[in-house]
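The values are calculated or read from the model by the stated rules, or taken from the named source; none is laboratory data. Since the structure is predicted, the reported quantities are computational estimates derived from the model, not experimental observations. Ideal geometry is used to build each Cβ from the backbone, glycine not excepted, and the neighbour counts take in all protein chains shown.
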C-alpha cells in the first residue's frame, strides 16, 4: 500500500462541515416567501448545507475508523512520492499571480509571470528563455483570442493601453 | 417528419462547406489538445469554448461534435503511448494498449483503436439518430416530479459509480450543488450566497469550475509530485501495422463493444466506465489468446475503445432529449448549449431542428474525418507528447487563464480559479471524484427548479414527488443505486 499523505486528515471533514454550516446559515437567513405551497429560495440552500454537514460527519467517522486515502494517479507524477512543498508553492503562486497583476499589467505580462512560476515549479531554471516563451505565448493568445472576439482586457492597462 | 428525413436535412446542414470546415477544425483541435497528457475530453471542450464565441450556434455545435470525438481519440493515443488515461473511460484501453506499445506494437494498437472508434462511433450515431427522436417524443409527458426523480437518479449514480467511496462521491456532488445555488434565484429574485459581491450575482460559471478543477488542480498536483524524467514514449517506428490476424481478432470486439457501450451510455445512470470495464472483462473471457491479456492483447484495446466511443454517443441521448448530462463531458456540452440560450430537452428537437440534426449529421462526418486525419497524422500527435513537461503544464495554465479571464474579465473568476484549483489539488490528494462536482453544479439549479415546480403543483405536499408511476420508479431506482452495492457486498460477505 502506498504511503498516505496524512494519516488522519481531520481538517478535511471539518472543512466540509464548515462549508455546510455556511450554506445552512445563509439559507436560513433568506426570506422564505414562495407563494402557495411551494418552497422558497432558502429551502434548497439549507438542504444542501444540512447534507454537507452530515457528509462531513460521515467522513469524520471514516477518518476515525482509519480509512486510507490513496492519491490519484497522474501522468509524470508519482502518487507515492513525498510531495514537494516548494514546487507546490511555486505552482500555486503561478495560479495566484493573476489576482495581483491581471488588472494592472494585462494578459500578456500576467501570462508570462504565471508561465515562469510554473516552469520553475517543474524544475526549469532557464529564467530568460522561460520568460520569453511565456511572453510570446501570452501575446499570441491575447492577439489570437481578441481576433476571435474573446475579450481579454487591455494589453497593458497600467499604461492605459 | 421521421428520423431519416430529419437526418437528411441534417446532412444538408453539416455538408455546407463552412460547416465542413468547422467540423475539420474541431476534429483537429480536439485531437491536438486531447492528446496532451492530463487533458480529457471535458477539459478540451471547455478550453475550446472561447474559440466559438463569434460562431453561430449551429456552426459551434458542429465544431463541438468534431472536438468531442477528436478529444476521445486523442485520449486513447495518450493512453496507449504514455499509459495515462485522461478520463476514466480510457483506463481499460491503457491497460492492454500500453503493453502492446511497449512490445513494439503501438502502431497496431493505435490503428485498432482508431478503426474501432470509427466503427463504434458510426454505429452508435446511427442508433442515436433513430432512438433520440423517440425518447424526445416520450419526454413530452415528463412532468416536473418526473424530471426531479430522473435527476436524483443521475445524482446518485454519478456519485456512486465514479470514485472509490460513496461518502467522497457525495461530498463532491454536494460541493457542486452548493456552488450551483450561488447567484440570483430566478423565481424569487433573491441573491443567494453572493456575500455582497456583484460578480457572484450571475452565479459561478461552469467553465471556471471545470477549468480550475481539471487544469489548475492537475498542474498543482503534478508539480508537487513531479518525477523529473523525460516522458517515456514508446516508439512507433519499426512496429508493424495491423496484420491480417489483428483484423480477425479486432472486428468482433469492436461490435461487441458498441453493443455494450451505446445502451449503457444512453441510460440516465450511464457513463463510460461501466461499459468499457464490461467490454474488457468479456473480451478477456472470450479470447482465444487469454495468455496475452495483461501482456498486450489486441482484443483488450479494440473492445473497450469501441465501447468508450459508443458510450460517448450514447451519452448524447439523455443530454439532447432530456437535458440530462451523465458525464463531465456531457455537463460541459450542456453548459455550451446554455451559453447559447438553448436548453436541451424535447423542445430542442422542435425549436432547433436544424441545429440538432446538423449536430448529429456532423457526428458521422467528424468520425470519418478523424479516421482519415489520424491514421496518417499519428506521428505528429506523438510529437506533441514529447513537449517538455515544464512548458506543457505552464502552457496549460496560460490556456486555462484564457478560458477563465475570457468568460467575463472578472477578478472574482480569477479568485475562484485559484481557490477551486486548490480544492482540485486536495481532491486529487485525497481521492475524491471530480465529475460529480460538475454534474451537481450544472444539474443542481435545474433539479431545484423542477422540485419547486412540482411542490407548487402539489401545493406543498411532498408526496407529489412520487405521485406518478414514472417518478416513483425512478426514485426507487435512485435508492437502489445508492444501497444495492452495499447490500451485495454484505450478502457476499455472509455467503
> Condition test on residue B:126, is it crowded, with 22+ Cβ neighbours inside 10 Å, part of a helix (DSSP H, G or I) and touching a helix residue (DSSP H, G or I) at 6+ places or on another chain (Cβ under 9 Å)?
Replying inline: no
> Which residues, counting only those in the stretch B:352-386, are outside any helix (DSSP H, G or I) and more than 14 Å from chain A (Cβ to nearest Cβ)?
Replying inline: B:352
>> As an exercise: evaluate residue B:430 against (1) at the interface with chain A (Cβ under 7 Å from one of its Cβ atoms); (2) under 22 Å from residue B:326 (Cα atoms) and give the number of the one condition it does not meet.
In response: (2)
> Among the candidates A:109, A:100, A:105, which residue alone is in contact (Cβ under 8 Å) with a residue 40 or more places away in the chain and either under 20 Å from residue B:412 (Cβ atoms) or not in a helix (DSSP H, G or I) (or both)?
Replying inline: A:105
> Assuming residue A:87 fulfils every condition listed in (1) more than 30 Å from residue A:8 (Cα to Cα); (2) crowded, with 19+ Cβ neighbours inside 10 Å apart from one, which condition is it?
Replying inline: (1)
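Listed here are the residues, each with its yes/no results for (1) within 22 Å of the chain's Cα centre (by Cα); (2) surrounded by fewer than 22 Cβ atoms within 10 Å (Cβ to Cβ); (3) closer than 19 Å to residue A:45 by Cα.
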| position | (1), (2), (3) |
| --- | --- |
| B:137 | no, yes, no |
| B:159 | yes, no, no |
| B:162 | yes, no, no |
| B:166 | yes, yes, no |
| B:175 | yes, no, yes |
>> For a quick check of your reading: which helices (runs of 4 or more DSSP H) sit entirely within the stretch B:40-103 and have at least 3 residues that are more than 23 Å from residue B:373 (Cα to Cα)?
In response: B:91-100
>> With the structure loaded, tell me whether residue B:24 is at pLDDT 90 or above, away from every other protein chain (no Cβ under 14 Å) and more than 21 Å from residue B:393 (Cα to Cα) or whether it fails that test.
In response: yes
> Are any residues in the stretch B:77-90 closer than 21 Å to residue B:161 by Cβ and either in contact (Cβ under 8 Å) with a residue 60 or more places away in the chain or over 13 Å from the mean Cα position of the chain (by Cα) (or both), and if so, which ones?
Replying inline: B:79, B:85, B:87, B:88, B:89, B:90
> In the stretch B:448-495, how many are within 23 Å of residue B:176 (Cα to Cα) and within 28 Å of the chain's Cα centre (by Cα)?
Replying inline: 13
> Which of the following residues is in the same structural domain as residue A:141 (by TED's automatic domain parsing), surrounded by fewer than 21 Cβ atoms within 10 Å (Cβ to Cβ) and modelled with pLDDT of 95 or more: A:54, A:117, A:99?
Replying inline: A:99
> Could you count how many residues in the stretch B:214-226 are more than 7 Å from every other protein chain (Cβ to nearest Cβ) and closer than 13 Å to residue B:47 by Cβ?
Replying inline: 2
>> It is to be established whether one or more residues within the stretch B:296-308 are under 26 Å from residue B:478 (Cα atoms), in a helix (DSSP H, G or I) and at pLDDT 90 or above.
In response: yes
